[in-house]
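*Asks:* Here it is: the structure, laid out below.
Read the figures in this text as sums done on the coordinates, not as results from a lab. For clarity, every value in this text was computed on a predicted model and none was experimentally measured.
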Amino acid sequence: MPSSPHLSFIDRFITESDKALRTLATGDKASGKASPARTITEGELSDSERQHAANLMRVNHTGEVCAQALYQGQSLTAKLPHVREEMEVAAKEESDHLHWCDERLKQLNSHSSALNPLFYGLSFGMGALAGAVSDKVSLGFVAATEDQVCQHLEKHLDQLPASDHKSRAIIEQMLEDEARHKQSALEAGGSHFPSPVRFGMSLMSKVMTKTTYFI
Ligand SMILES: [Fe+2]
Ligand SMILES: [Fe+2]
């Protein structure tokens, strides 16, 4: 249900909590846009290659859980209605990414991360905090986060087994979308974050990528 400017903070909090539970259950099929991997034939993968690809896609799945949490947290506290609406549109696109990663994890006979509730909570809190400071900071936070996501997706393209064309197609499409999200957040007035803040964010992102590869 889209948030309206007339909804009270409590109403929006309840709506966002409902979205959180749906996201963690991977039951919120908001857009239903088909995975870019859908029409690609499965490549030949050894057991170790399959495991490695699954581990990378688990990291990406958690990244998408975090992205939805971030956007939903921001839409809760964003002050200008157009900023709130823009965040919700982006969150819907992230929902496609989440489902593509989830589908791919299942095809690789693997599972999503047990740490998702933890990272969802952290990202939701950071998004809400950024939104509470100002829309400029909130949009800047989106841009900085999307920038980091692009960097790790590029690394994953290098690390994926050469024959895993399905995972590659998903990551390539996500990379294109995340770069666009970054650009629109900056164009909407997002502030450029100083290096120390970006360094702190990249440490947090490293903790996420290193742990969810295994758990
Ligand atoms: Fe995404
Ligand atoms: Fe994004």
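*Asks:* What is the ratio of the Cα radius of gyration of region 64-215 to 2.2 N^0.38 Å, where N is its residue count, to two decimals?
*Replies:* Values: Rg = 15.1 Å, N = 152, 2.2 N^0.38 = 14.8 Å.
Relative to the 2.2 N^0.38 Å estimate, region 64-215 comes out at 1.02.
*Asks:* With n ≥ 4 as the cut-off for DSSP H runs, can you work out [θ] at 222 nm for the chain, using -39500 (n - 2.57) per run divided by the number of residues, rounded to the nearest 500? Don't jump to the answer; show the numbers that get you there.
*Replies:* Values: 7 runs with 158 residues, N = 215.
Per the formula, -25500 deg cm²/dmol.
*Asks:* Could you tell me how many degrees, from 0 to 90 and to the nearest 10, lie between the Cα long axis of helix 135-159 and the main elongation axis, the longest principal axis, of the Cα atoms of the chain?
*Replies:* 0 degrees
*Asks:* Using only Cα atoms and rounding to the nearest 10 degrees, what angle (0 to 90) does helix 116-133 make with the longest principal axis of the chain?
*Replies:* Here the helix axis deviates by roughly 30 degrees.
*Asks:* Please tell me the relative contact order of the chain in percent, rounded to the nearest whole number, where contacts are Cα pairs under 8 Å and at least six residues apart.
*Replies:* Working: 291 pairs, mean separation 60.3, N = 215.
Dividing the mean separation by the residue count of the chain yields 28 percent.
*Asks:* Per residue of region 48-55, what does 6.51 cos²θ - 1.76 cosθ + 1.60 with θ = phi - 60° give for ³J(HN,Hα)? Whole Hz please, x for Gly and Pro, Karplus curve as stated.
*Replies:* In residue order, the calculated couplings are 6, 5, 4, 5, 5, 4, 5, 4 Hz.
*Asks:* Averaging sequence separations of C-alpha pairs under 8 Å and six or more residues apart, then dividing by the length of region 80-183, give the relative contact order as a whole percent. Walk me through the intermediate numbers first.
*Replies:* Values: 48 pairs, mean separation 30.2, N = 104.
Once divided by the residue count of region 80-183, the mean separation gives 29 percent.
*Asks:* Right, another one. State the number of lysine pairs found in the chain whose Cα atoms come within less than 21 Å, restricting to pairs 8 or more positions apart or on distinct chains.
*Replies:* 23
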